[in-house]
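Here's the structure, in structure tokens; my notes come after.
Please treat every number below as a calculation from the coordinates, not as lab data. Everything quoted here is computed from the prediction, not taken from an experiment. Methodologically, a virtual Cβ is constructed for each residue, glycine included, from the backbone with ideal geometry; neighbour enumeration extends over all protein chains shown.
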Amino acid sequence: MVNLILVLGDQLSDNLSALRAGDRDSDVVVMAEVADEASYVKHHPKKIAFLFAAMRKFAERLSNDGWTVDYARFEEGETSICGALLAAAERHGADRVIATEPGEWRLIEALTHCPVQVEQRPDDRFIASHKDFESWAKGRKALRMEYFYRDMRRKTGLMMEGEDPAGGQWNYDHDNRKPAPGTVDYSGPMRFTPDDTVQEVLDLVRERFADNFGDLDDFWFATDRGQARQHLAHWVKNGLPQFGDYQDAMLDDNRFLYHGIVGLYINAGLLDPMEVCQAVEAAWQAGDAPINAAEGFIRQIIGWREYVRGIYFVEGPDYTSRNGLKHTRDLPAVYWGGPTFMHCMKRSVEQTREEAYAHHIQRLMVTGNFALLAGVDPAQVHEWYLAVYADAYEWVEAPNVIGMSQFADGGIIASKPYVSSGNYIHKMSDYCGACSYSVGKKTGEGACPFNLLYWHFMDRHRKIFEGNPRIGRIYANWDRMDADKRATIIAEGDDILARLDAGKPV
Ligand code: FAD
Ligand code: DLZ
Ligand code: SF4
């Protein structure tokens, strides 16, 4: 009997559990570019092009490796993954599908209810299984990443010396907060000239997704495992050594600094998280990268990446609709490229539009911070992040947005809200020098909106945050302020929010 082996767009890994369970002599691999997946949010055109090109190349590789592959191209008009499976089952006389569990509740449900029998196997490309995370989480009052991360270090043996962490410390984060450097001596991610497959997909995406936010020009992503590995080696050699130091920095004229730009490749399956960490560990062992860079990077992968996935799956399908702070404002037009006087927002959105990429601090402390301070409906913020970044899939995006960035899950992920006045952005970047606002001004003409909205946010959520051990003390500063000054801040903050509501630039 023929089985169908489903491979989704973010499952492009040779060691996928569904492929391991299949028989390449008798089973048929099904891959499909479908309207539902391409439109559940208005994905950035570069994200669609990246995935379609990588899917086509992966299918060709499987074929060359002896698999029979039934591949539906977007032009064939298949609507859903389930529809593609039913059509393929009919074509090949199959009545059973072996799949690897998708990274999104929506698609897990769709496969569960598909009229053909679909066996969903665990996605074991992750270090922690659902069971591992559940047993770690069980009975804990607070699910803090740091403790989970230590278990992952022990489990993988990465940067361990026996039972102890290499260098005697688990975490070197205090060394990883240097402000923006004057010059960056790394040329950024490896860029790949589109080959025929990529070019064909670019033409398709340009025609069919013309209305989606995002530029398609200058497409340079790796689209197969070989290219992704070349990029990894390039970054480990040239970017990793200073990754740690400048991890939180932002520069007006440098979009990538020393960042890995590997998230999109790992999440789609082109790189394996352990192989990436092992490459980093080896560079540190060889004395080519300092401990703060290697540990900092490995923590992001086996700590944060695994931890947010665990949270997504233990919290369940309603996680994306949480709204702990009851925020209801519509996402301001600036997020879609509308005019703004805030230079940091302008540049972060501009680079998102052009590259389908922004690094962590731009996502957290510029666009995320502004949405939280302005009280934007977290579901709309979530949709934006899921659409605009090439590395965005719900299992990883939602905990970062709903939990870490918007504090909408009531503090499961973040022990305090990630909000700041303009001062943080000023310290970590060179944006403020080119801004129409003055970061040093707290009120009055030209005062930085982050300064005003920071106190506006803290004041309107006082009941929730006053007792918070990590941020509650800030109210003493607020209370010490002159009453007139406080009233001015609130009134000017109200003006900014009213401008946003009226669709006027801020
Ligand atoms: P680097 O800075 O080089 O970091 C290395 C790797 O560590 C990343 O590639 C990623 O695999 C992992 N990593 C780092 N931080 C996190 C994190 N918080 N959660 C999960 N993995 C992490 N990451 C995504 O992969 N997809 C998303 O949709 C996504 N949305 C985010 C939304 C917000 C609001 C925030 C604050 C963060 C989000 N992140 C997301 C995490 C992080 O910003 C990106 O992983 C990172 O910017 C990707 O770029 P990079 O590969 O250059 O990463
Ligand atoms: C993101 C995406 C897009 C844009 N298109 C497809 C597609 O046409 N076919 C497919 O199999 N997968 C696609 N994906 C990835 C899926 O949306 C992803 O597998 C789920 O969101 C689960 O993570
Ligand atoms: Fe951003 Fe304020 Fe600095 Fe302007 S002054 S770049 S709005 S932080």
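Below is a table of values for the structure above.
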{"item": "Filter result for the condition that a residue is within 21 Å of L264 (Cβ to Cβ), among the β-branched types (V, I, T), in contact with a Leu (Cβ under 8 Å, 6 or more places away or on another chain) and away from ligand 1 (no atom under 16 Å from the Cβ), over V7, V28, V41, V69", "result": "V7"}
{"item": "Any chance Q406 is more than 14 Å from ligand 3 (Cβ to nearest atom), touching a residue at least 60 places away in the same chain (Cβ under 8 Å) and of a type outside the set (A, V, I, L, M)", "result": "yes"}
{"item": "Single match in R61, R56 (criterion: within 22 Å of D215 (Cβ to Cβ), in contact (Cβ under 8 Å) with a residue 40 or more places away in the chain and either more than 21 Å from the chain's Cα centre (by Cα) or not in a helix (DSSP H, G or I) (or both))", "result": "R56"}
{"item": "Test set (1) surrounded by 15 or more Cβ atoms within 10 Å (Cβ to Cβ); (2) part of a helix (DSSP H, G or I) - D495 fails condition number", "result": "(1)"}
{"item": "Among the candidates Y431, Y385, Y437, residue that is away from ligand 1 (no atom under 14 Å from the Cβ) and surrounded by 22 or more Cβ atoms within 10 Å (Cβ to Cβ)", "result": "Y431"}
{"item": "Which numbered condition L373 misses (of (1) more than 12 Å from ligand 1 (Cβ to nearest atom); (2) farther than 17 Å from Y454 by Cα)", "result": "(2)"}
{"item": "For A180: the one exception among (1) more than 16 Å from ligand 3 (Cβ to nearest atom); (2) touching an Asp or Glu at 6+ places or on another chain (Cβ under 7 Å); (3) of a type outside the set (V, I, T); (4) in a loop (DSSP other than H, G, I, E, B)", "result": "(1)"}
{"item": "Enumeration of residues in region 244-274 that are aromatic (F, W, Y) and buried (at least 21 other Cβ atoms within 10 Å of the Cβ)", "result": "Y246, Y258, Y265"}
{"item": "Filter pass, V205 being more than 16 Å from ligand 2 (Cβ to nearest atom) and β-branched (V, I, T)", "result": "no"}
{"item": "Some residue of region 445-455 being among the aliphatic types (A, V, I, L, M), within 16 Å of ligand 1 (Cβ to nearest atom) and closer than 18 Å to V366 by Cβ", "result": "no"}
{"item": "Of all residues making up region 244-270, the number that are more than 16 Å from ligand 2 (Cβ to nearest atom), in contact (Cβ under 8 Å) with a residue 40 or more places away in the chain and under 18 Å from the mean Cα position of the chain (by Cα)", "result": "10"}
{"item": "Qualifying position, being of a type in the set (D, E) and within 25 Å of D224 (Cα to Cα), among E161, E78, E119", "result": "E78"}
{"item": "Residue satisfying all of: in region 306-345; surrounded by fewer than 20 Cβ atoms within 10 Å (Cβ to Cβ) and of a type in the set (K, R); farthest from ligand 3 (Cβ to nearest atom) among these", "result": "K326"}
{"item": "Filter result (crowded, with 23+ Cβ neighbours inside 10 Å and outside any loop (DSSP other than H, G, I, E, B)) within region 405-427", "result": "S405, G422, I425"}
{"item": "Hey, T320 outside any loop (DSSP other than H, G, I, E, B), under 28 Å from H130 (Cβ atoms) and more than 9 Å from ligand 1 (Cβ to nearest atom) or not", "result": "yes"}
{"item": "Residues located in region 232-268, provided they are touching a Gly at 6+ places or on another chain (Cβ under 9 Å), small (G, A, S) and in a loop (DSSP other than H, G, I, E, B)", "result": "G239, G244, G260"}
{"item": "Region 77-109, subset farther than 17 Å from L19 by Cα and either basic (K, R) or without any contact (Cβ under 8 Å) to a residue 40 or more places away in the chain (or both), residue nearest to ligand 3 (Cβ to nearest atom)", "result": "R106"}
